[in-house]
Each structure stands twice: as structure tokens, then as C-alpha cells.
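Remarks on the structure that follows.
The values are calculated or read from the model by the stated rules, or taken from the named source; none is laboratory data. Keep in mind that what you see is a predicted model, and the values were worked out from it rather than measured. Here the Cβ positions follow ideal geometry from the backbone for every residue, glycine too, while neighbour counts run over all protein chains shown. These area figures cover heavy atoms from the full protein model, side chains too; ligands, DNA and RNA do not enter into them. Shrake-Rupley method; radii C 1.70, N 1.55, O 1.52, S 1.80 Å.
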Amino acid sequence: MGAAVGSVLPRWRRVPPVADNVVMSTASEPRPKDRPWLMRTYSGHSTAKASNELYRGNLAKGQTGLSIAFDLPTQTGYDPDHVLARGEVGKVGVPVVHLGHMETLLDGIPQGEMNTSMTINAPAAWMLGLYVANAENQGVESKALRGTTQNDIVKEYLSRGTYIFPPLPSRRLIVDMIAFCAEWIPKWNPMNVCSYHLQEAGATPVQEIAYSLANAIGVLDAVKESGQVDEDTFPQVFGSISFFVNAGIRFVEETAKMRAFTELWERIGRERYGVTDEKALRFRYGVQVNSLGLTEQQAENNVQRIVLEALGVTLSKKARARSIQLPAWNEALGLPRPWDQQWSLRVQQVLADETDLLEYGDLFDGSHVMEKMTADLVEAAWAEMTEIMDLGGAFEAIDEMKGRLVRSHAERIRRIESGDQVVVGVNKYTETAESPLGGEDSILKVDPAVQEELVADVQQWRSNRGSDAVKRSLDEVRRVAESGENIMPATIDLAHAGGTTGEWSGLLREVFGEYRAPTGVAAASGFGPTSDGLRAVAERVKARAGGPPRLLVAKPGLDGHSNGAEQIAVAARDAGFEVIYQGIRLTPEQIASVAADEDVDAIGLSILSGSHLQLIPETVRLLRENGVDAPVVAGGIIPEDDRAPLLDDGVAAVYTPKDFDLTKIMGEILDLVGG
């Protein structure tokens, strides 16, 4: 029975007022849509030829931009025949050693039309030099090139670990690239400030915003001080700085974070640098959603995590990402296959093309909840950023920021251990049917023969090139590095002459020196409440005959993702162990030597790059040859099929991302050493 004429409708029957920016229509009427973001998949593996085939296949499936993943030797400036490259070639990305590799990698892909993102940092100037040289060989002018070099060295010191040089020489290389691009590659984003990896290292939203903005200020101030860019060009430079952010599962908070980022970046542009051009003031960012939250247990749950996280960077039109690359569902298990990457691409395409997301203005305009969340983040992030600036800036406060990040990550781990932070399939709802997506073929495995192939390739390249031209170009790179002139022209010349990644980086290692970043472990140990479980282990340690066990935590090879190793070191110290942790990038020989010198009781090896079957058995062999009989435990992204071979090679225990309970790990290590 309907309501009487003139009566008041019940509240549930009333039609809410229509917002000004919403045009009502029936479902059958088409609405105009905003242009979607660039769609990328972060990919590359094995060889330039194999990666080119992958890229062309992804582009044929509707991908609209390239995102190149380089292998660890390339990222850390080593050729494939360097001792530190053992076991790492082609594992987490594509090896690009010389101009021939860049030509093969981009074969059939028009550089003048493609928007290319390169995840490269310490040798970013070299990789851009190869990219420009290849374009020139193809008849494409540098001013036509579009794309991004990540080129954020601060976050490498804080979280990702592919740094080479000390902070100030590293910043000088970034400044040189920015100045060069402003004149010669104006459509290129020479720096992509990366808050993504800070969240992976445990950053809160406040820290993620604050440290990234302090980093950008440190670089922009240095650009002004260099004198390479005039005042009229500086707004263009400000507008060329882009960001690469993370989006976690708390997608409402992540939306507020992006709105806060947008507001603060404009504030910095106007107030600190006097930028008034509205286009230059836009906060332009790309995103990969949170890989830290992907789980090995019930890995199929990662699909819905990825979808929900994508909403955090797409729902708000005013703070929407300009490019998105989504991880694959199985990245906690190993390298994704092309089909897995296609699945992630299809998620983006469904969101952009099937839903009505792009048909409306900003969905959060007028939301009191969103406005309050954003305002709170703006205030807190500005205060945190001011603290870093008061310490001299991001490049001067690396130790302080690293310690804060490791503490934040330790607090996150403790919340998961206690159950205060629910992770479905990990610490709640753990009962499950067997997944049909599993099995030994569920990840991509790189052929170990790739290393030998690349070693032969680079040696042949060196023998076939003009050695006089290479020497002349290397001498010029050295001269400009020492004189302070812009590094880019000499770098491009070396690329044309046939130089290699290892030669360019090796020369600059001689000029600038190398750097060992802080671990942050000391700052985090004993900070905050220790769990009841770790306190119980500590009581066992106190009662142990012979005193506390000495644990060596080490990362063999080039894998710089040290977050897990740092948390093991922090937990071990809180449990009463004596911990020796010297950071990343050690050879098996160095680890064996330290273990013998320190007379350790146990060794923990951490590898996430896929080189565990090569480097861990070699380390065990050298330990035994050095007279060290202490038990060895291994941790990292280690497929289940690789567990038995490692145990057969003398490893006492293997831990993977599913082993989140640090108390259990500490107790088992104590059992191994007797206590």
C-alpha cells in the first residue's frame, strides 16, 4: 500500500540529493569516461631477447606502457662475469650490459612512441645513456623520448639496497640527469621519488609521505644550487619530478594518503620554490600496490588484496594515479609467469573499462570523514618532514630515518604475531582446501645456463668493439666526474663506443668510492614492548650454559631487500642472542671468514632474489672448509621444491614468508645450538 498523498516518506524511501558533479542517467545511456591511467606490468627476466618477447606479448594484450625490471648485477653496476654476479644473472630482471642488449630489448618497440619506465637507481645515468644512444641509432631524437628513470637513491639506502656510491656523489648524478633532461629530454621524468619501498620497509603513511617529500626537497635544492638550471626553467624541473607510491590493503586510509600527498606537494611547490604553473604543481605518480602484504599461505587471497589496493589509488579523481602496475598473485612464491602478469593486467582493464569509476568527478568531495583523515595526515606528515629537515635533510638523516623504519616494521611484525593485525590465511582463517593454482609449475624458473650465456656474451662484446674508442670515452667520463661537469654527454658517448655497465660503474667507484648503508638494527632492538614469546626465549638464553649464542645474520649475493634479515636480527637481540649483522651484499667467502673470526654458534642466510640454490650451498661448503661447523638456517622466497636440495646440502632449516612467527624461529634456532 503506497503512502498517502502529502505524507512524509519514511527515511529509507527518500531519494538523496544529487551531487553537483554527478550526472544521473539510466544504465543503458553511455556516459563519457575520463582517460584511464597508463597500464604497465613490471617485468623482465633471463635475457634481453626473452624479455623483448615478453614485452611485445604484453603490449599485444593491451598494456599501454613498458616497465623494465633489471637484474641485480645491472642494478648494482656489475657485469655478468664479476664475482658478485654469481647466481644472480637474469633472476629478478633482465641483464643489460651494453648497447647491443638495449637494442635487442627494444627490438620492434618504437622508442619515439613508447612511454618507458626503468627501475634503475645507482646506474640510472648509464641506463638512460644506453636508452638515448639506442634511440639515436634508430633515428629518434632525444626530445621525442617519454618515460621515467626511478633514480631515487635515498630509498635504496633505506630499504631496497641497490646503491653503489655515497649520498652526495649519488645526489650529484641525479642532479646531472635532471639538468640534462630539462634541456635535451624534456618529456622524460628523470627522478621517480619512491615511497613504495618505504612502506615495504615498514613505513607508516605519515613516514611514507614525510620521507619522500624530504627526499624530493633535498634533490630540488641541490638542482638550484648546482647552477645548471636557470630560474625560468625551474618550474619545468619541478613538474618533471614524479613519484612512485605504494597502496596497502587499508584502501580508505590509502586514498587519504594520496590526497595528502597531492596537497603537500603543491604547498611545497608554491611556498618553497615559487612555482605558480598549475600543470607543474600537479602531484604526478605511478603506483604498484603492496607486495609486503602478499602471502605465501593461501596465495589465491592475494588476488582480492590486489584489487582492493588498486581502489586506494583510483577512487579519488583528484589524487588518481597516472600509471599503475599491479603485482602478480604468486610473487610471494617466486617469479610470476606471463599468464600471471596477464591476470594482473586484466584486473586494471576490468576496473577501467567495465566499471563506472571513470565516469564521475571526485567521489570524496564533501566527505567529512575523508577531509578529516586527509587533514590529520597533512599535519602529521609535515611535522615529521620538518624533523628530518631540521637534521639537515633526507640525505643527511639516512641513519635516523632507517632506524625509525626498522622500528615501525618491528611493530608491524609484532601486531601480526599477536593477532592484533589480522592477515587472512596467516593468523586467522587458516583452514583451507588445497589450491588448484599450486604446484611446481606455478612460478617462472630462470635457466641457470643464462649466467654462462651472458658471461660469454659480454666477453665476446668486449673483444669485438673498438678498444681505443672505449678507452677515450672512459677517460672522458673520469674527467667530467672529477671536474664536476655534467656526466650525461660523456656517458652517452661511452654507450655509443661500446662500454659496459660494469666499466661505467667501476670507474665511478674509483672516483666516488663505495658506501655501506646503515642497518637500523641497533635503533630498533629493545624498542617498544617485547612479545611474551621472545621474553620466554630470552629466559632460556639466560639459563644457557656457555652464555648467549652468537648468531651471524648474512645476505650473500646482491639481494638488497634486507627487511626480513633486519627483523630476524632485531628479534634475536630482543631474545638475548648476540647478533652479528653487517648488512647486504657479501660474498660466500666473506661470510665464511666472518663466521670463523667471530666464532659464531649459528648462521642465518637470507636471499629473496632466487639465487639460493647457487649461493647457499657454496656458503655452506666454504664454512665447513673454514672449520665452522655451526648450523646454517636459510630464509627468503624459496619455493617448496627447493627445500629438499638445500637440506641435502647441509642446511639445518628453511624458512619462507609463511613463517611469520619470530618467536618460533628464535626458539628453533636456540634448539639447534643447544639451549
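Here are the numbers for the structure shown:
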read-out	value
Matching entry among 514, 539 (being within 30 Å of residue 131 (Cβ to Cβ) and out of contact with any Ser or Thr (no Cβ under 6 Å at 6 or more places or on another chain))	514
Whichever residue in the range 74-93 is under 16 Å from the mean Cα position of the chain (by Cα) and not polar (S, T, N, Q) and, among such residues, is farthest from residue 459 (Cα to Cα)	92
Single residue of the range 53-89 satisfying the filter (of a type in the set (Val, Ile, Thr) and in contact with a strand residue (DSSP E or B) (Cβ under 9 Å, 6 or more places away or on another chain)) that is nearest to residue 614 (Cα to Cα)	74
Any chance residue 644 is part of a helix (DSSP H, G or I), open to solvent by 10 Å² or more (accessible area, probe 1.4 Å) and over 26 Å from residue 302 (Cβ atoms)	no
Lone qualifier among 652, 602, 630, 592 - being farther than 20 Å from residue 332 by Cα and without any contact (Cβ under 8 Å) to a residue 24 or more places away in the chain	652
Among the candidates 545, 572, residue that is assigned to a helix (DSSP H, G or I), over 30 Å from residue 173 (Cα atoms) and among the small types (Gly, Ala, Ser)	572
Evaluation of residue 472 against (1) crowded, with 17+ Cβ neighbours inside 10 Å; (2) assigned to a helix (DSSP H, G or I); (3) at pLDDT 95 or above (one fails), failing number	(1)
Among the candidates 507, 552, 534, 558, residue that is in a helix (DSSP H, G or I) and open to solvent by less than 10 Å² (accessible area, probe 1.4 Å)	534
Pick from the range 349-388, criterion of a type in the set (S, T, N, Q) and under 27 Å from residue 204 (Cβ atoms), ranking: least open to solvent (accessible area, probe 1.4 Å)	374
Residue match in the range 116-128 (condition: in a helix (DSSP H, G or I), aromatic (Phe, Trp, Tyr), farther than 29 Å from residue 607 by Cα and at pLDDT 95 or above)	no
Subset of the range 261-285 (residues that are closer than 18 Å to residue 381 by Cβ and open to solvent by 10 Å² or more (accessible area, probe 1.4 Å))	262, 263, 266, 267, 270, 271, 272, 283
Residues (open to solvent by 40 Å² or more (accessible area, probe 1.4 Å) and polar (S, T, N, Q)) located in the range 402-434	418, 421, 427, 430, 432
Flag for residue 672 being free of Cβ contacts under 8 Å to residues at least 60 places away in the same chain and more than 31 Å from the chain's Cα centre (by Cα)	no
Test: residue 399 is open to solvent by 10 Å² or more (accessible area, probe 1.4 Å), part of a helix (DSSP H, G or I) and under 22 Å from residue 167 (Cβ atoms)	yes
Total residues in the range 120-149, condition open to solvent by 10 Å² or more (accessible area, probe 1.4 Å) and not small (Gly, Ala, Ser)	8
Hey, residue 629 of a type in the set (D, E, K, R) and either surrounded by 16 or more Cβ atoms within 10 Å (Cβ to Cβ) or in contact with a His (Cβ under 7 Å, 6 or more places away or on another chain) (or both) or not	no
Unique residue being outside any strand (DSSP E or B) and under 18 Å from residue 445 (Cβ atoms) when the list is 672, 613	613
